[in-house]
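Here's the structure, in structure tokens; my notes come after.
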Amino acid sequence: MQSVLDRKGVLLTLGDQDAGQRGLFVDFFGRPASTHKAIAVFALQFNVPLMVTTSTRLHSGAYGAGPHRRARRRAVPLRGAGR
């Protein structure tokens, strides 16, 4: 992973939508949600930006991914992130 970041490459990770009782609970549009913190910790440790996306099943049966319309409106930059 470090060599990819050193070359300014892109890393993609996939996190489950529910981290269970061991997750970090955050407010998600007014509801408590258990989230994984490892990806955010990774972004802060390596000083790289983090983009959260959603995965949606399309009418064709394939899956598409991209930023959720609400996420764009409520995006919060990570302090110190970015190269």
Condition set touching a strand residue (DSSP E or B) at 6+ places or on another chain (Cβ under 6 Å) and assigned to a loop (DSSP other than H, G, I, E, B), scope region 1-47, selection nearest to Ala65 (Cα to Cα): answer is Asp18
I'd like the residue in region 26-39 that is surrounded by 13 or more Cβ atoms within 10 Å (Cβ to Cβ) and of a type in the set (Val, Ile, Thr) and, out of all such residues, is modelled with the lowest pLDDT. Ile39
For region 7-25, name all the residues that are over 22 Å from Thr56 (Cα atoms) and either among the basic types (Lys, Arg) or surrounded by 10 or more Cβ atoms within 10 Å (Cβ to Cβ) (or both). Arg7, Lys8, Arg22, Gly23, Leu24, Phe25
Among residues belonging to region 48-76 that are within 22 Å of Met1 (Cβ to Cβ), part of a loop (DSSP other than H, G, I, E, B) and not polar (S, T, N, Q), point out the one that is modelled with the highest pLDDT. Val48
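The values are calculated or read from the model by the stated rules, or taken from the named source; none is laboratory data. Quantities reported herein were computed from a predicted structural model and do not represent experimental measurements. Backbone-built Cβ (ideal geometry, glycine too); neighbour counts: all protein chains shown.
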